[in-house]
1. Report whether or not B:S187 is touching a residue at least 40 places away in the same chain (Cβ under 8 Å), of a type in the set (S, T, Y) and surrounded by fewer than 18 Cβ atoms within 10 Å (Cβ to Cβ).
2. With the condition kept exactly as written, say whether any residue in region A:141-161 is farther than 27 Å from A:L295 by Cα and surrounded by fewer than 12 Cβ atoms within 10 Å (Cβ to Cβ).
3. B:V117 is checked against (1) modelled with pLDDT under 95; (2) within 14 Å of chain A (Cβ to nearest Cβ); (3) open to solvent by 10 Å² or more (accessible area, probe 1.4 Å) and fails just one. What number does that condition carry?
4. Pick out the one residue from B:L14, B:L102 that is away from chain A (no Cβ under 14 Å), under 20 Å from the mean Cα position of the chain (by Cα) and touching a residue at least 12 places away in the same chain (Cβ under 8 Å).
5. Could you check region B:188-237 for strands (runs of 3 or more DSSP E) lying wholly inside it with 2 or more residues that are touching an Asp or Glu at 6+ places or on another chain (Cβ under 9 Å)?
6. Taking the condition of being without any contact (Cβ under 8 Å) to a residue 24 or more places away in the chain, open to solvent by 50 Å² or more (accessible area, probe 1.4 Å) and part of a helix (DSSP H, G or I), how many residues in region A:217-243 meet it?
7. So, B:L37, is that one at pLDDT 95 or above and either open to solvent by 10 Å² or more (accessible area, probe 1.4 Å) or more than 14 Å from chain A (Cβ to nearest Cβ) (or both) or not?
8. Among the residues of region A:200-215, are any assigned to a helix (DSSP H, G or I), loosely packed, with under 13 Cβ neighbours inside 10 Å, at pLDDT 90 or above and basic (K, R)?
Amino acid sequence: MRSPALSIIFWARRNLFATPKDIALTALLVLLSFWAISHVIYWAVFVARWDVVSDSLRVFLVGTLPSTEFWRAWVALLLVASIVGSVSGLGFAIRPRHMVFGFLLLVFLTVTFVGNNLVALAALSGVMASFAVSWVLVSRLAPSTAYVGLFVTGSLALIVTILAPAGMDRWGGLLLSLIFTLVSSFFILVFGVILAFGRRSSNLALRLFCIMYIESMRSLPLILIVYWIWIAGPLFLPTWNVATVTRGIAGFVVYFSAVAAESVRGGLQGLPKGQLEAARSLGLGEFDINYHVLLPQALRASLPALMGNILDVFNFVPVVFVVGLADFLRTGEMVLASPSYSNRTYEVYAFMLATYFVIGSVLTIVARGLEHHLAKGSRRLSELD
Amino acid sequence: MTAPSNSIVEMIDLNKYFGTQLVLSGINLTVTRGEVLVIIGGSGSGKSTLIRCINGLESHEGGSLIVDGYTMPPLTPPSAAGGKDLLRIRKRVGMVFQQFNLFPHKTVRDNLTLAPVRVHKRSPAAANEAATALLARVGLEAHASKFPAQLSGGQQQRVAIARALAMEPELMLFDEPTSALDPEMVSEVLDVMRELAADGMTMIIVTHEMGFAREVADRIAYLDKGRILEIGTPSEFFDAPKNNRTRTFLSSILKH
């Protein structure tokens, strides 16, 4: 039995310093990272003036939503937290270290952003609590994935219902980015699955329609589709005054459904033919075969790709500036447009970068957990050696 | 539907092509209820294709095929577009595959209850009860909550048999059920099939297990290049084969 210190030395020699080339590469990358990180930290601590972020936090988070409607944003955030929490609960059992981390995060957020605003403090605690409670409930009770899906759908509908009276075109900032991503992702997954199965239909007309739809969408720029749907909406429905947000979401759904359909198709194509034959030999109808046998397996296989699609949706939301919506990135430009903050470009964009990074990472981690959850019953590579 | 006759499968002059290649040629075959028919033949002889025609996983191009009173028309697509009679036949005919083809995302119990609930519209409770009884019958009652990947090949194939039996079929088709198994697991699967035969289940079995065929079969058919060259009782077949090619085949597989 080797001492731990010796193990570390052996590990380092094997993984970092095996050959002269490795030594050079390791040294170069460590120096480069150290140089970059130290500069960033020095700038963030001593040079940057962060007052712009705390002063404009409202704009960043909710855009031009009037303060009388803030409670709607908080309730929506509460529901978003419980959606993320319940999906996390599927993949991760809750551990004490998660609690500790969550508590530290709450303290950090409070100290950084809330200051002495008691209402915001209470609301933020509520959001964190809603996240934690739904996580614990789902990981303890282990309900079937379908129930969690129903809960997510219901919460999404509730979020939209609660926020809509505030005036849909006044949603802005991070709130808009999040709601936009969640609502479009929901429809993208639904239509993506339908298109993927339509592409394999035995009905030639349906098959051709789906192929043409998918291929033409994938060959067009997203920004063009979003803009086109925005101007074309009133042409087709002159009497129905559809909110810009809805039209923007429609544009994303139209485009990304085709992308998601290709991800699902990849999963379907990987299924062994025997699955279909076994299901047929049991006398199952086509709907039951698709819904109970093929779809769950295809989704499991295509989940990494689909989660990548959803992350793309979130990262492409800034495209909605073409239809005049003020998403998170756009609010940064709005803040910088005011003369008092015009010299705070680095601070504002550093804040944006960090926020996108954190949300993207959370999405990725939750997706990993979900993959793990859906992969139960299948042999994973790690088990095969 | 005609009144239940004594024969469950009737093939008259059945033909089947893959592209331009004739894989089944003028098959005439009648299987009576309660009979165990074993089909043997070399690779590419069409034996798997023959039994896959019976539940419509393959379509035939010519001749007539009647299964349990329902006619399978020629050129029936294997999907549900094949029509009501195809689905009626599949409800009555169970099939066991070489590769088991269990649903990997469902537990053993859910594998057994899916079709009874969805197709026969059983209540989940009744289907669960039936599944428990069937698992006990194949000796796997302790594994109901496991996933297929947690079972050995022999156990998976026994689950696959139980899954087919859960539909209470009139006829069971076995397509080389032991060919994908490690040698030590073959007997546990054959034992289950023996018991089924003893219970009077009608079975059509494609297999290379000659000892098993001899012991269990009522009749053995030898298929070569899409034709039935010889059909008869095991003793006729093994002890006094009439056809030269049957003799060559038997000596080639019984030698080792």
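1. no
2. Checked region A:141-161: at least one residue is farther than 27 Å from A:L295 by Cα and surrounded by fewer than 12 Cβ atoms within 10 Å (Cβ to Cβ).
3. Single failed check for B:V117: (1).
4. Answer to the check: B:L14.
5. Because the criterion is at least 2 residues that are touching an Asp or Glu at 6+ places or on another chain (Cβ under 9 Å), the strands (runs of 3 or more DSSP E) in region B:188-237 that meet it are B:202-206, B:219-224.
6. Summing the residues that are without any contact (Cβ under 8 Å) to a residue 24 or more places away in the chain, open to solvent by 50 Å² or more (accessible area, probe 1.4 Å) and part of a helix (DSSP H, G or I) in region A:217-243 gives 6.
7. Considered against the rule, which asks whether it is at pLDDT 95 or above and either open to solvent by 10 Å² or more (accessible area, probe 1.4 Å) or more than 14 Å from chain A (Cβ to nearest Cβ) (or both), B:L37 comes out as yes.
8. So far as region A:200-215 goes, no, none of its residues is assigned to a helix (DSSP H, G or I), loosely packed, with under 13 Cβ neighbours inside 10 Å, at pLDDT 90 or above and basic (K, R).
The values are calculated or read from the model by the stated rules, or taken from the named source; none is laboratory data. Given the structure is predicted, the values throughout are model-derived calculations rather than measurements. Counting neighbours? That spans all protein chains shown, and the Cβs are built from the backbone with ideal geometry, glycine included. To get the accessible areas, we keep the full protein, side chains included, count just its heavy atoms, and leave off ligands, DNA and RNA. Shrake-Rupley method; radii C 1.70, N 1.55, O 1.52, S 1.80 Å.
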